[in-house]
Amino acid sequence: MTSEGHLVRIDLPSSFDLLDIVQLLSDRISAIAGLDDDTTHWVGVSVRESVINAIKHGNRENLAKRVVVEFSLTPRRRPEEFAVRVLDEGEGFDPDHVANPLDPENVLKSSGRGIFFMRSFMDDVQLQRAPEGGMEVRMMKKLAAGG
């Protein structure tokens with residue numbers, strides 16, 4: 001992320017037991033950023049979905065593999081951007097080949113909506129293979145100036 005902003009980084013084993021910690025951090029940083037309750041909720045859904053995907057699909061629930069979550073507010077003095085970065089140690093995937101959950105054959109499926117939610121609730125979402133291996137998800141929410 002950047003040294004010009006506030007950064008919180010958490011490094012976790014691939015366990016769903018720790019999702020609540022990530023959720024608490026997301027909610028608290030959203031509050032610090034000045035987001036309203038609804039926006040805080042939807043940012044939290046996006047973060048949670050990204051971490052679930054990293055644990056389940058990326059690391060295949062292998063406790064030896066890590067998930068790193070970084071939250072940043074930039075610039076430091078008057079944050080205008082709340083960014084979240086989620087990294088896993090999996091094989092990665094091609095985001096262009098993810099099924100559209102709105103297609104008729106997918107509407108009734110109980111999974112496959114995480115990336116759709118992230119793209120719906122955040123202002124920018126980038127998915128790419130990380131240079132160090134694994135998958136990297138970057139999400140950004142714009143803040144009111146000086147949020």
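Tabulated data
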quantity	calculated
Residue among LEU24, HIS41, LEU73 farthest towards the positive dipole end of region 6-95, charges placed on Cβ	LEU73
List GLU61, GLU136, GLU91, ordered by accessible area with a 1.4 Å probe, largest first	GLU91, GLU61, GLU136
Karplus (6.51, -1.76, 1.60) ³J(HN,Hα), θ = phi - 60°, over region 72-82, in Hz, Gly and Pro reported as x	9, 10, 9, x, 4, 5, 9, x, 10, 9, 10
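The values are calculated or read from the model by the stated rules, or taken from the named source; none is laboratory data. The structure displayed is predicted, hence computed values, not measured ones. Virtual Cβ from ideal backbone geometry, glycine too; neighbours counted across all protein chains shown. Side chains are part of the model used for accessible areas, which takes the heavy atoms of the whole protein and leaves out ligands, DNA and RNA. Shrake-Rupley method; radii C 1.70, N 1.55, O 1.52, S 1.80 Å.
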